[in-house]
Amino acid sequence: MDNSTYTTRRGEIEHYFDRTAVAAWEKLTSDAPVGRIRASVRAGRDQMRNTLLRWLPDDLHGQRLLDAGCGTGALAIEAARRGAEVVAIDLSPTLVNLARERAPTDLGQGTIDFRSGDMLDVSLGEFDHVVAMDSIIHYGTEDAVAVLSQLAKRTRHTINFTFAPRTPLLATLISIGRLFPRGDRAPWLNPMGANRLQRLMAADVELAQGQAGKTFRVASGFYTSQALQWRRA
């Protein structure tokens, strides 16, 4: 991984979600009324989150799960309700604080440790499962594979992640997004070709110890994302 490009991109993402878009994301991830475009994004994200949750075991008691890029914590809460010991981490301290505020006090036997920081921090320990929903979509394909490789070193079973698939519709939406004033833009997505992504994963020493499994694409208005499961052999 090119540490310079990864670090620069990580800084841009942190700045956007922690300062520029906090109010928008707080509203988007709530039940508050939103416009048509944001409603399509909300619906798409809900569908994707439910898909990733379906790919996890129904019973997570005694298992550690990393929610890499936890945002406001919706997925972490559901995993904890299944009994998981969840570490939920995000680059944005503001979003993490919001996630703490929204988390219910009764999670049964599950727990959530909310943290702000880098999902690649080795001090987080090892995990049975990792979920990375829309948290590598802003990186180039090579950097994204390098991130997955580092996560795989500390993952016993599965990594369930999403990427922005390279489609004509997504290319059009990105072009439209670039018309907005720079201060209002989200960090640009880096669409990936699914075949190339999987070839690079298969060529990686760590990821080659497992294999790509389930995949599912969500296309909901202005939200397009594809889920892929990596499972350790």
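The values are calculated or read from the model by the stated rules, or taken from the named source; none is laboratory data. Because the structure is predicted, anything quoted here is derived from the model rather than measured. Counting neighbours? That spans all protein chains shown, and the Cβs are built from the backbone with ideal geometry, glycine included.
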Criterion first (modelled with pLDDT under 90, part of a helix (DSSP H, G or I) and exposed (fewer than 15 other Cβ atoms within 10 Å of the Cβ)) does Arg19 satisfy it? yes
Selection from segment 115-137 of residues that are under 21 Å from Glu26 (Cβ atoms) and crowded, with 21+ Cβ neighbours inside 10 Å: Met133, Ser135, Ile137
Do you know which residues across segment 216-231 are touching a Ser or Thr at 6+ places or on another chain (Cβ under 7 Å) and not β-branched (Val, Ile, Thr)? Phe216, Ser220, Gly221, Phe222, Tyr223, Ser225, Gln226, Ala227, Leu228, Gln229, Trp230, Arg231
List the number of the failed condition for Val34; all other conditions in (1) outside any loop (DSSP other than H, G, I, E, B); (2) without any contact (Cβ under 8 Å) to a residue 40 or more places away in the chain; (3) among the β-branched types (Val, Ile, Thr) hold. (1)
With respect to Thr51, determine if the residue is within 20 Å of Ala227 (Cβ to Cβ), polar (S, T, N, Q) and either out of contact with any Asp or Glu (no Cβ under 9 Å at 6 or more places or on another chain) or not in a helix (DSSP H, G or I) (or both). yes
From Gln226, Gln211, grab the single residue that is surrounded by fewer than 16 Cβ atoms within 10 Å (Cβ to Cβ) and under 22 Å from Arg54 (Cβ atoms). Gln211
Starting from segment 104-116, take each residue that is more than 19 Å from Pro93 (Cα to Cα) and list its partners that are part of a loop (DSSP other than H, G, I, E, B), counting only C-beta distances under 6 angstrom and pairs at least six apart or across chains. Gln109/Gly83; Gly110/Gly83; Gly110/Ala84
If the Cβ limit is 6 Å and pairs must be 6+ apart or interchain, which residue in segment 56-70 that is under 16 Å from Ala88 (Cα atoms) pairs with which residue that is part of a loop (DSSP other than H, G, I, E, B) and hydroxyl-bearing (Ser, Thr, Tyr)? Ala68/Ser135; Gly69/Ser135
Which residues, taken from segment 139-164, are over 19 Å from Phe216 (Cα atoms) and outside any strand (DSSP E or B)? Tyr139, Gly140, Glu142, Asp143, Ala146, Val147, Ser149, Gln150, Leu151, Ala152, Lys153, Arg154
